[in-house]
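K.L.:
Dropping the structure in here first, questions after.
Every number in this text was worked out from the coordinates using simple rules, so none of it is lab data. These numbers come from a predicted model, not from an experiment. Heads up, the Cβs are rebuilt from the backbone with ideal geometry, glycines too, and the neighbour counts pull from every protein chain shown.
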Amino acid sequence: MSAILVTGADLAPQALALLEGFEMVYAGKTPTQDELLALCRTHDPVAIIVRYGKVDAAMIDAAPSLKVISKHGSGTDTIDKAAAQARGIEVVAAAGANAAAVAEQALALMLACAKSVVTLDARMRAGHWDKATHKSLELHGRTVGLVGLGAIGQRFARMADAMGMQVLGFDPFAKDLPRWIQPAALEDIWRASDVISLHCPLTAENRNLLDAGTLARCKKGVIVVNTARGGLIDEGALLAAIQSGQVRSAGLDSFAVEPMSAGHPFQSEPRIVLSPHIGGVTGDAYVNMGVAAARNLLAVLQRRAADTSAQQAR
């Protein structure tokens, strides 16, 4: 029986129903790279469903039967795509399966920052009543700049438009944008935005996209939201910009190193709202991503099997 390795502890029952006939191997909630490598060596999976951890070249080399790596979500930056391509292994992603969930998280973080939700909650629990001294930021009429206009970015754009915000968007690959997104160059987004929200994949070219230089070119008091990948932001530069007042606040769901280690400077900065990379973690998204990951890998395996049969028939 061919094995499928899941780099996590579980998979939605709806996805498992599609994968009947395969041996399902689970790596657990927080698998280490050594544990993942050992599972590849022991079970030689025909497919890997990527939830947590990385799929590196060593894992790929340890699984000679491997034909497809299927991401349980949309971001494939944790997969060594060059190593996979060298072996002829296909990498597929569940694009859009968690779009609604992540867009809603971005909206929640933007509102939490603009309305000081976390800070005011803590103040009230400490016995304070700041009605006479606190002023929140009204988002109606403000400009939000989006970097990345895939399924998530466009959903968030529609939410922001419904709130009466002007939406600027940068994505060199996006076409046929809806009327509520105004295409803009990155420099225009830095210059004009009251809120900047990141929705793009992490690449070698855009790592530390928001650094000291770009943050300095932004409007003073800008809000930064990141539900994409932590590597898009130079964390030290963001912290310095918040402490100087250049950035009003930040809502972050992803980080350069995950899980976040104890004592990280962000943990003691009240103007940063933190969530543990759970933007796409809802009950509905869990099912949608699992089903999409299963269907994607089955499509590859079925196509490979048909190609092999056709070659053998010649």
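K.L.:
Consider the candidate values (1) 23.5; (2) 19.8; (3) 21.1; state which one is Kirkwood radius over Cα pairs in Å computed from the structure displayed.
P.N.:
(3)
K.L.:
Continuing with the same structure: With angles folded into 0 to 90 degrees, how steeply does helix 151-162 sit against the dominant principal axis of the chain? Use alpha carbons for both and round to 10.
P.N.:
Roughly 30 degrees, rounded to the nearest 10.
K.L.:
Right, something else. Express in nm, to one decimal, how much length is gained between residue 216 and residue 41 on full extension, taking 0.36 nm for each residue of separation and deducting their alpha carbon distance.
P.N.:
58.1 nm
K.L.:
Identify, among 15, 43, 74, the residue whose Cα sits farthest towards the positive end of the charge dipole of region 1-146, taking +1 on the Cβ of Lys and Arg and -1 on the Cβ of Asp and Glu, with the dipole about the Cα centre.
P.N.:
74
K.L.:
Let me ask another. Of 27, 168, 96, which is farthest towards the positive pole of the chain's charge dipole, taken about the Cα centre with +1 and -1 on the beta-carbons of Lys, Arg and Asp, Glu respectively?
P.N.:
Of the listed residues, the answer is 168.
K.L.:
Rank by packing, highest mean first: peptides 209-217, 300-308, with packing defined as the count of other Cβ atoms within 10 Å averaged across residues.
P.N.:
Ranked by mean Cβ neighbours within 10 Å, highest first: 209-217, 300-308.
K.L.:
Still on this structure, I have one more. Mind ordering 81-94, 238-251 by average Cβ neighbours within 10 Å, highest first?
P.N.:
So the peptides 81-94, 238-251, ranked by packing, come out 238-251, 81-94.
K.L.:
For the chain, take the longest principal axis of its alpha carbons; what is the angle in degrees between that and the long axis of helix 235-244, to the nearest 10 within 0 to 90?
P.N.:
So the inclination is approximately 10 degrees.
K.L.:
Can you list which of the chymotrypsin sites (Phe, Trp or Tyr not before Pro) found in region 83-172 are DSSP loop residues with at most 15 other C-beta atoms within 10 Å?
P.N.:
Answer in residue order: 129.
K.L.:
How many nm separate the modelled label positions at residue 123 and residue 312, each set 7 Å beyond the Cα in the direction of the Cβ?
P.N.:
Once both label points are built, they end up 7.1 nm from each other.
K.L.:
Sticking with this one: Applying a 10 Å radius around every beta-carbon, put 6-12, 277-283, 103-109 in order of their mean neighbour count, most first.
P.N.:
103-109, 6-12, 277-283
K.L.:
In what order do 79, 196 fall by count of nearby beta-carbon atoms within 10 Å, going from fewest to most?
P.N.:
Starting with the residue having the fewest Cβ neighbours, the order is 79, 196.
K.L.:
Let me ask something else. If each residue of separation counts as 0.36 nm, what is the full-extension length gain between residue 274 and residue 34 once their alpha-carbon separation is subtracted?
P.N.:
Full extension from residue 274 to residue 34 adds 83.5 nm.
K.L.:
Averaging over every viewing direction, what projected area does the convex hull of the Cα atoms of region 99-274 cover, in nm²?
P.N.:
Averaging across all directions leaves 10.4 nm² for the Cα convex hull.
K.L.:
What is the angle, in °, between the Cα long axis of helix 33-43 and the longest principal axis of the Cα atoms in the chain? Nearest 10 is fine, range 0 to 90.
P.N.:
It works out to around 20 degrees.
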